[in-house]
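Working notes, structure below.
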Amino acid sequence: MYRVWNFLNEYSLLLIIGAVIALIWANLDYASYYEFVEFKIWDKAPIGAVHGDYRTLTLHYLVNDLLMALFFAIAAKEVWEAVILKNGSLRGKKAATPLFATAGGMLGPITVYLGLAMILGSDTYDAVANGWAIPTATDIAFSYLVGRVVFGAGHPAVRFLLLLAIADDAMGLIILAIFYPSGELAPQWLLMSAAAAVTVFLLANWLPRYLDRGNQARPNSTWVRKNLHFVPYFIAAGFSWYGFMRSGLHPALGLLPIVPTIPHADRAFGFFAEAETYLHDLLNVMEHALKRPVEIILFFFGLLNAGVQFSSMGDATWLVLAGLLIGKPVGILLMGWIAAVPLRLGIPEGMRIIDLVVIGFVAAIGFTVALFVASVAFEAGPVQDAAKMGALFSFAAAIVAIIAGKLLRVQKQHF
């Protein structure tokens, strides 16, 4: 059912290559790497990072703040369908225990990260406290791959893990929007984003359907789809992104208000589902059209963000790792158990409570989103580099998960 290898090839292979090149480059010649990352594309530009009373568009800003909006739009599409559609994976009682586990998988890492930082002293705490959200991240693609290796493709724990990862992404988007603004807040600019979303929904989605009511031929909707296609949404996305940038919220989230306005299917088969390639609603068509561009964008994201020197390892490195490798499994086990046993919400048939520990280790692979949060949580410098190293080292969770699966006698189910 799931085309995970194709997905990983399309999304993650170039991301890994970019990250590896960045690590090698930064450790061989950090000065030239830094010069590349901060290459100025357009000084005194209408968009870009604020420098005094003007903006500068750098290569780093172009990728992290503008182009990565496409990556987060795809993540938002999956979350939106999981929540809104009748058979969405985050609807109903079946999602209750995974959602509780997701809460534990976020509260656990935050508690461990901040708790250990306090133990290390006030100076350390003050330096690293703003990175509390870094270890809450779960990389959907890599976690799903490792989950299949540990449990087998047919194990109910894999679906549980997928629900948890999607919900984790949804919470991650909310955290980025609320706690990590990109500048001084000017919320009135969000009216531009809201107006763009409402306008494009009314003119390109609702109005054609309203005019076609009672007419099965749907001439107006067909004309809009055939002649305008994605163009109205592309224009609205530009206005929405600009509104986010000027509002002070992170502009990489600027396309999120537009995603719900795009016509979508009345069913969702889920992330990695082969069946979704046969859906021809505009939202799915746009998602599949963006896959190749996003693949390239993720390569540059890895190249521009993973270049940290090994000498930069510090307190933030170990705090991020501790939050992921200790906080994630403990939090997921505790909250998952509360949901399944005292609250009697249960867990999927074929799963054991102890499997939640293994799921916790698998979910501790933060990588992509953890790298992104580290880049916005701290100013460029040693603390940010140390935190990024922790995000990169979170791949160690895959090894720990495989070992835990063996020790806890997980029975693989391949069908």
I need the calculated FRET efficiency for the pair residue 185 and residue 292, taking r as the beta carbon distance and R₀ as 35 Å, to the nearest 0.05. 0.50
Ranked on Cβ counts within 10 Å of their own Cβ, fewest leading, 385, 43 go 43, 385
Counting only DSSP beta bridges with both partners in the chain, the antiparallel fraction in percent, to the nearest 5, comes to 100 percent
Yeah, region 10-88 with a ≥ b ≥ c from its alpha-carbon gyration tensor (a/c under 1.5 is rounded, else prolate when a/b outruns b/c, oblate otherwise) is oblate
Taking a cut-off of 29 Å between Cα atoms, list the lysines near residue 93, but don't count ones fewer than 8 places away on the same chain. 77, 328, 412
Size of electric dipole in region 312-415: Cβ of Lys, Arg +1 and of Asp, Glu -1, about Cα centre, debye, nearest 20: 460 debye
If you stretched the chain out fully between residue 234 and residue 149, how much longer would it get, using 0.36 nm times the residue separation minus the C-alpha to C-alpha distance? 26.7 nm
Which residue, 31, 353, 127, has the largest displacement toward the positive end of the dipole of the chain when charges sit on each Cβ (Lys, Arg +1; Asp, Glu -1)? 353
Could you work out which residue, out of 184, 38, 287, moves most in a Gaussian network model of the chain, that is, has the largest mean-square fluctuation with Cα springs under 10 Å? 184
Per DSSP helix of 4 or more residues, -39500 (n - 2.57); summed, then divided by the residues of the chain. What does that give at 222 nm, rounded to the nearest 500? -18500 deg cm²/dmol
Cut-off under 16 Å on the C-alpha distance; same-chain residues fewer than 8 positions from residue 44 excluded. Which aspartates and glutamates are left, in chain and number order? 53
Using modelled amide H (1.01 Å from N, peptide plane; none on Pro or chain starts), what sits under 5 Å from the amide H of residue 248, excluding residues fewer than 5 places away? 186
If amide H atoms are built 1.01 Å from N in the plane of the peptide, which residues on other chains or at least 5 residues away come under 5 Å of the amide H of residue 45? 55, 56, 57
Between residue 349 and residue 408, the FRET efficiency computed from the C-beta separation at R0 = 25 Å comes out, to the nearest 0.05, as 0.85
Expressed as a rounded percentage, what relative contact order does the chain have, with Cα pairs under 8 Å and six or more residues apart? 30 percent
Of 83, 57, 67, farthest towards positive along the dipole that unit charges on Lys, Arg, Asp, Glu beta carbons give region 42-88: 83
Mind jotting down the three principal axis lengths of the chain based on Cα atoms? Whole angstrom, largest first. 63, 57, 35
Quick one: check the C-alpha center-to-center distance for region 106-125 versus region 315-360, whole angstrom. 19 Å
Spin-label point model (7 Å from Cα, Cβ direction): what's the residue 111 to residue 30 distance in nm? 3.6 nm
Given axes a ≥ b ≥ c from the Cα gyration tensor, I'd like to know whether region 207-366 is rounded (a/c under 1.5), prolate (a/b larger than b/c) or oblate. oblate
When all Cα-Cα pair distances of region 64-189 are considered, the percent exceeding 17 Å is 66 percent
Residues in region 56-72 near a label at residue 42, defined as backbone nitrogen under 18 Å from the 7 Å Cα→Cβ point? 56-70
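Is region 273-415 rounded, prolate or oblate when judged by the Cα gyration tensor, a ≥ b ≥ c being the square roots of its eigenvalues, rounded requiring a/c under 1.5 and prolate requiring a/b larger than b/c?
oblate
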Inter-site label distance for residue 220 and residue 207 at 7 Å from Cα along Cβ, in nm: 0.9 nm
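Quick note: the coordinates plus some simple rules give every number you see, no bench work behind them. Just so we're clear, the structure is a prediction, and the values are computed from it rather than from any experiment. As a convention, Cβ positions derive from the backbone with ideal geometry for all residues, glycine included, and neighbour counts pool all protein chains shown.
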